[in-house]
Amino acid sequence: MKWDLLFQLLVNGLIVGMLYGVVAMCFVLIYKSTQVVNFAQGEFLVLGAWVCLALVTQMQLPFFLAFIFTLVFMAIFGIVVQTVILRPLIGEPIISVIMVTIGLSIFMQSLMNWIFGNDAKRFPDVFGTSDVVSIMGLNVEVAYLLSLVLSLVIMAVFFWFFRFTRHGLAMRATAFDQQIAQSLGISVKQTFAMAWAISAMVSGVAGIVIGIVNSVSNSLAFVGIKVFPAVILGGLDSIVGAVVGGIIIGVLENMAEYADGQWLKIGNLYTIAPFYVLIIILMIKPYGLFGTKDIERI
Amino acid sequence: MGHVPNPRPAGDFRTSYIDDNRLFKTHFEKYAAIGVVLLLIAVAPFLGAYWITQLILIGIYAIAAIGLNILVGTTGQISLGHGAFFGFGAFASAWLATSFNVPTLVSMPAAALMTTAVGMIFGVPAARIKGLYLAIATLASQFILEDFFARADWFSGGVYGALADRPDIFGYMLDTDLKYFYLVLFWLVISVIGVSNLLRSRDGRALVAVRDHYLSAEVMGVNLTKYRILSFGISSFFAGLAGALFGHYLEYVSVEGFTILLSIQFLAMIIIGGLGSVYGSILGAAFILLLPQFMESATSIMAVAFPAMESGKAYVKQMSIGAAIILFLIFEPEGLVHRWQQIRASWKLFPFSR
Amino acid sequence: QDSVFVGHLVDYTGPTAFVGKHYGPGVSDAINYVNANGGIDGTKIELTQIDYAYKVPEALAAYKAWSSRGMVAMQGWGTADTEALISFVAKDKIPVYSASYSAHLTDPQGSNPATKKPAPYNFFYGPSYSDTCRALAQWAATDAKEKGIENPIFLHAGDNHPYPNAPKEACAAYATELGLTVADPIVVPMKPGDFKAQCLTIKDTGAQYVYMGNLGGSVVSLLKSCGTVGVEANYMGNVWAGDYLTITAAQAENLIFPSSTPFFGQDVPGMALVEKIAAAGEGNGENKPTHHYIRGICSAYYMMDAMKWAKANGGITGENIKAGMYARQDWVPEGLEGVCLPSTWTDKDHRGLMTVAVNQGSYNGGEITIKRISETTLPRRDDWLGL
Amino acid sequence: MKPQIAATGNGLANETILSVNNIEVVFNEVILVLRGLNLKVARGKITALLGTNGAGKSTTLKAITNLLATEDGEVTRGSISYEDDDVTEVGPEALVRKGVFLVMEGRGILQDMTVIENLRLGAYSRPDAKIDEEIEQVFKYFPRLKERTGLAGYLSGGEQQMLAIGRALMAKPKLILMDEPSMGLSPLLVKEVFRIIKRLNKELGISILLVEQNANMALHVADDGYIMENGKIVLDGTAQELMDNEDVKEFYLGGGGERRSFKDIKSYKRRKRWL
Amino acid sequence: MLDVENVSLRFGGVKALTDISFHVNENEIFSLIGPNGAGKTSMLNCISGRYRPQEGSITYDGQDLLKRSINDRAAIGIGRTFQNLALFGHMSVIDNILVGQHHLLKNNFVTGMFYWVGGAQKEEEAARADIEDIIDFLEIQHVRNEPAGSLSYGLRKRVELARAIAIKPKLMLLDEPMAGMNLEEKEDMARYIIELNEQYGITVVMIEHDMGVVVDISHRVAVLDFGQKIAEGLPHEVVEDEQVKTAYLGVDDFSLDEEEVG
Ligand SMILES: Nc1ncnc2c1ncn2[C@@H]1O[C@H](COP(=O)(O)OP(=O)(O)OP(=O)(O)O)[C@@H](O)[C@H]1O
Ligand SMILES: Nc1ncnc2c1ncn2[C@@H]1O[C@H](COP(=O)(O)OP(=O)(O)OP(=O)(O)O)[C@@H](O)[C@H]1O
Ligand SMILES: CC(C)C[C@H](N)C(=O)O
Ligand SMILES: [Mg+2]
Ligand SMILES: [Mg+2]
């Protein structure tokens, strides 16, 4: 056993996993409040990264300002998407709603390809974010550390939000049954718009981090698919689960890489292992690790 | 899903239970269906190469979509892995034909049966997992199968893909597209009849029961696990059959043809056509297949008017596919078939409808 | 013949668009230029382009449509699709000039027993992936000796995909022959991403010479991630992975990459024509043409020169174009002297070019420097044919 | 047709908190369920709405609260006014803010939330509510809810019904619409629920529109009553008048005077009347 | 016919049933009553298989029920209706009822697809004729072809009963068959239940809150409270039981005087 390598991969997994966790939370937020699985999550991410990049490089804004503007832009974008595309589908079967987000993802992907090109663009250095620090012997981009802090903060805020605020409760109620929510005086439209706005904003943040680490390109949208195992492992509607799931997937990928590189020599166990594990875990825990069970009384 | 009454025209009284359980609800429907098939047979030789190709592909996709509709529309289990099962059928038939010299006409249904088995294996989680969790589990099977195709050189030729010869019937090669069209049409008709029959008999009912209320279905004597997995099997059968037809049509099978995108397209077909409707599946397949080509021409024409668009043509085409899906679902969320039914319903209810 | 029909597969939007956007216009600009200047001795080339986004099934569909329209030759693109089409084009007798330099396309008669599928109608301009990789391995061996590295380790990093796979085994075999230790290959996805995990594995193998089979964003990501975790190695790209754009995007240091043409603006006689073609055509939009663009021009010109021969010898058909490719030895299309290197195709050997130039490129604070560090001409070994 | 409140006299307008004027409801653009329904709820009174299964009682309540959209239904004719305002087009959430609250059939409990969370959501429309105090208030009416700390989905039927009513109280409504509050409750609880309804009406002055199948109980607590069949009101009057009506006795209250045994019904059958 | 012995059922900490025993005789109408949350539905769920008790045994017709899978229990003749309607909403009434015949039919997805050959057609038509009797019996002819989901509450209850009858059960479990019905409909329902029992010889276990119905039509009654059985016996005896009165019945009148109000 190469403990040193194993350990480094473990640390890498933890750090990357945290970032998956942030993206997974965006997912969960939308699901928890609107029962929509957002297949365009990856594109949301990339959009945030592109917008911020464009503001920094083309408008020459300082990063901090660009960041704020990106958040504002994403919030508006989320609301527009919700209002124009998802609102008309309120009450339709879940699968139609899934399909719409898939359509949205196709649309956004090609629009961004068109507007921003299909090459990877490097993020200019912002307060040394592309610097590298050493954590327990592993060199890691500073941006990752920021995302780590960020994910903890976001998680805490979300947790508190859904448990204790009236808007958070309203979101859960809306997700459970729109008619009931309406009868309680909750505006389903507003609730949905708010959920999408928040989720889009957080996606934007995650996108910027990923963009700083990897350069910005449309293919980063694949992170949207990657977090599926994370979200499901954690449980579709659990904020904590999203982060835990993200970390598990991050670590798992890296452990798979180790096993593959050292013994199995399969080649890309790294990408496929999470999906095997996903199925196995679901067989044991059908609602993921922290997902709420449907109440099945008859 | 909203409810639309399905009243029969006045005078259409049924005098026996047989009448009440017909494949076609009215005589008109029956003759219309037969008429369309005959028309296709007669007209095919006069269609250009382009349209024959389109019809072949529509037919193939429709078979797969009909299969997916059993799983999604009838049993209510969302699958994001249908494209991979489609691919499995394609590879399996090519494999049987090339490695074992199985005649292609046999290898196709045999491949469908193999796909059934694979589908049931990947359907096992459905015994325990439901709803979106299951949907994502099927997403996993999509990736796992794709990975398998890329790796199993003995079976699929790995990332290089595999050759698949055109079938011959006792020495008579189906080498032209026209001949192949008749083969596809044959299987399509078989699939439509088979699935329609299934839906009006015991197991079809059980599948719907499982979708609508699985707890009570079980108490009514329906073996949940069996039907949940079976529904994967049946749907995979048609995916495999269609895949085999597809492989031998293109004469070459490549991993890249069976990505998540294809799975999504199949879903789009049944949603746009109408969940749970056999005919809807066909309409949906046609829609999804023809849409990009329509958009291609449309954007080309637009590019002539706005030369600036020339460079973005490819993107505009892609975008318009996304946009079409979105717009369709916004304005016609219950599918093409539903619109037809609604027109029919209000027309029959006439003085009493609005 | 007033005109002949040629199909052109391009990837402007898919995973290889990064270089597709350069190579494709090279081909079409060259053909348009010739069309505008009299055609093939009066015969115009009717060129139809399809952006197939690097998807094999799309390529197949395009090929089928074209072959039923009487295509005489095709300008192809990727390895996966070109290899998939081998038997179709052989059957239909349509020469294909690909941008895939897979050595699997170079054995027209299957004279090497190891060849899986003979490829009588496949051509490309330039050394095969395998041969370039061999040249890079040679360079690595020399470099290691110079630097006094004890036990130099060589490693292939690329996706499990026909394109990066093409030279994998052949190159490893030769590297072993050269006395390099060959580590297990590492799979790196074609899409960009965070490859720190893979880089840690690379670091763990201790490889000093890493051959990267991918291109564009993926190479950029690999270089960045490996830089972060501190892999100390020489990175060698294949011909598509090395250009000034990749070097800029990755801010690479000492990236080793091959080339088979001079770079744009270099002082060779044929560059005048290249510049004219670029000026008349789209060139690369605002960008300076890369050497991919120039290779595209060469590919088109070899085809058109062969067509010229065919026209004089019985008409422009697939078979005659193929014969035209064999008609001369060590030839360069007219007007491109010094741009396209003298190449030879025979009915037994489609390895047109065995010469590989090796370059080293760096990005130093916005300034890109590319220098040629060696040029090798590999032997035409029989056991290398088609592998 | 707009309501002509002025014509019916000011006095009445004041006493009437809700009036439904000749509404028609259509589902799925084709199924006509309500066919010109009229009813009024007097301020501070309990009004019972009785009717056979499928008569359209629940639909009426949903039409009033504008909740039909999620079921693909709509009001195609007529108007609804509440406190002299036309509210036919007013959205459900705005209506809650105006003080109209529906306790849905089947209780509409948010099953995957706790009792407290359910109650807090009752006060959603009043951001300034003193939640904790008011929840204690509700627990005074329903002491047994206080002990239930798990998810509401695991409460028994009666407890869920109490929770649903408790949640309505959190909204501090002026008018509560109740859809079959006694359904599935044990006799003891049925009584308790009706007692609470009566209390709410008396102590808090809340007007109530009560849809019930338990006609006996309903008419006992109600001041006025309506009987609907097939999407229309077929009979109305004060609760006492209805209780004295022969047909009502026959079909809703059970027998003329003596209660007849369910065992003897076998042969007995008399069919419908008012239509 | 049915023997329930020492059955206990827990959900986490909640004791839904504690040590319940009773037996139901062949061809009787046996009612389970008790306050809300007493565990009545849970008891039925144990019999029909939805829940698996932690302790105790349930014997039906001499067979150990707990060893059987849920769907198997339909096949050996246990039919059931549900407290909160559990119809197949998108299926027509006819199809709903036909699902009840699932275990009686032989055709499967292969023979079903080849409808005309292999006997599926014959069998389906026979089944169809069979259930027509049930439809007539329950007087739901007019809604035969409607989707069950669009029916009103009362009709849905009736269709549920029809579906359960289609199983051809020997034992019928009815969970609050008359909830949400008006008097007239209750009378109809009572008539059906009595007829089922008397004409078709089906044993009935019924949960019902309407004491009028319970006392009138059931042969024996058991009372549950907080998961425990507090009484069992003939209907009129049970209603006089003091414990039952305080736990469940209260005073039988319509006065709602504010005794406890304060
Ligand atoms: N969403 C819907 N789609 C179609 N029809 C509906 C819908 N909801 C109700 N209906 C129809 O409207 C009619 C009235 O239903 P409603 O639920 O209002 O009756 P109800 O008086 O409340 O009956 P019950 O006492 O059984 O609850 C019924 O015939 C029903 O079939
Ligand atoms: N699946 C479950 N998970 C947890 N607790 C449950 C479950 N099912 C029932 N219970 C609990 O068991 C107890 C008995 O419930 P049950 O539904 O059997 O009552 P019931 O007698 O049928 O009441 P009602 O008359 O209201 O229908 C209740 O406290 C209920 O909360
Ligand atoms: C990498 C791309 C330029 C495609 C390349 N020609 C191939 O061999 O696939
Ligand atoms: Mg109702
Ligand atoms: Mg119960």
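The values are calculated or read from the model by the stated rules, or taken from the named source; none is laboratory data. As the structure is a prediction and not an experimental result, all values here were calculated from the model. No Cβ is skipped: glycine too gets one built from the backbone with ideal geometry, and neighbour counts run over all protein chains shown. For accessibility, only protein heavy atoms count, side chains too; no ligands or nucleic acids. Shrake-Rupley method; radii C 1.70, N 1.55, O 1.52, S 1.80 Å.
General remarks:
- Cβ-based net charge around C:Ala53, under 14 Å, with every Lys or Arg adding one and every Asp or Glu removing one: -1
- Of E:Ile47, E:Asn25, E:Val4, farthest towards positive along the dipole that unit charges on Lys, Arg, Asp, Glu beta carbons give segment E:1-52: E:Ile47
- For E:Glu123, neighbours were defined as the other residues whose beta-carbon sits under 14 Å from its Cβ, and their charges (Lys and Arg +1, Asp and Glu -1) total +2.
- Distances between placed amide hydrogens fall under 5 Å for A:Lys121 paired with A:Val216, A:Ser217, all partners being 5 or more residues away or on another chain.
- Antiparallel DSSP beta bridges within the protein assembly as shown, as percent of all bridges there, nearest 5: 50
- Cysteines without a disulfide-compatible partner [the protein assembly as shown; Cβ-Cβ under 4.7 Å]: A:Cys26, A:Cys52, E:Cys46
- Principal-axis analysis of the Cα atoms of chain E puts helix E:183-199 at an angle of about 70° to the longest axis.
- Acute angle (nearest 10 degrees) that the helix C:56-68 long axis makes with the longest principal axis of chain C, alpha-carbon atoms: 10
- Gyration tensor verdict on segment B:28-257 (Cα atoms; rounded if a/c is under 1.5, prolate if a/b is larger than b/c, oblate otherwise): oblate
- Between the alpha-carbon centres of segment D:196-247 and segment C:326-387 there is a gap of 96 Å.
- The calculated FRET efficiency for the pair C:Ala279 and C:Asp41, based on their C-beta separation and a Förster distance of 25 Å, comes to about 0.55.
- Residue among B:Asn223, D:Ala94, A:Leu146 farthest towards the positive dipole end of the protein assembly as shown, charges placed on Cβ: B:Asn223
- Residue-wise HN-Hα couplings along segment C:7-20, as the Karplus relation 6.51 cos²θ - 1.76 cosθ + 1.60 with θ = phi - 60° gives them from phi, are x, 9, 8, 10, 10, 9, 10, x, x, 10, 4, 3, 9, x Hz; Gly and Pro carry x.
- Computed over neighbours whose Cβ is under 13 Å from that of A:Ala273, the net charge equals -3, Lys and Arg +1, Asp and Glu -1.
- Segment C:1-70: C-alpha gyration tensor shape, a/c 1.5 cut-off, then a/b vs b/c: oblate
- 222 nm mean residue ellipticity, helices alone, for the protein assembly as shown (DSSP H n ≥ 4; -39,500 (n - 2.57); rounded to 500): -16000 deg cm²/dmol
- For chain E, the longest principal axis of the alpha carbon atoms and the long axis of helix E:120-137 meet at an angle near 40°.
- Dividing the alpha-carbon radius of gyration of the protein assembly as shown by the rule-of-thumb value 2.2 N^0.38 Å gives 1.03.
- Legend: Rg and Dmax of segment A:18-221, from Cα coordinates, 17.5, 57 Å.
- Spin-label model distance (nm) - A:Val80 vs E:Arg10, 7 Å beyond Cα toward Cβ: 5.8
- In Hz, Karplus ³J(HN,Hα) per residue of segment D:203-218 (6.51, -1.76, 1.60; θ = phi - 60°; x = Gly, Pro): 6, 9, x, 7, 7, 9, 10, 10, 9, 8, 9, 7, 4, 4, 4, 4
- 5 angstrom amide H check on C:Ser374, placed H, neighbours 5+ away: C:Val358
- Within the assembled protein chains, the solvent-accessible surface assigned to C:Met354 is about 10 Å², based on a 1.4 Å probe.
- Oblate is the label for chain D, because a/c, from the alpha-carbon gyration tensor with a ≥ b ≥ c as root eigenvalues, is 1.5 or above and a/b does not exceed b/c.
- Given E:Lys67/E:Lys106; D:Lys62/D:Lys140; D:Lys130/D:Lys172; B:Lys179/B:Lys317; D:Lys40/D:Lys191, the pairs whose alpha carbons are separated by over 20 Å: E:Lys67/E:Lys106; D:Lys62/D:Lys140; B:Lys179/B:Lys317; D:Lys40/D:Lys191
- Across chain B, the longest piece that holds none of the chymotrypsin sites (Phe, Trp or Tyr not before Pro) lying in DSSP loops with up to 15 other C-beta atoms within 10 Å covers B:171-354.
- Couplings for segment A:46-61, taken from phi via the Karplus curve 6.51 cos²θ - 1.76 cosθ + 1.60 with θ = phi - 60°, read 5, 4, x, 5, 4, 4, 4, 4, 4, 5, 6, 7, 8, 8, 6, 6 Hz in order; Gly and Pro are left as x.
- Accessible area of C:Thr181 in the full protein assembly, 1.4 Å probe (Å², nearest 10): 60
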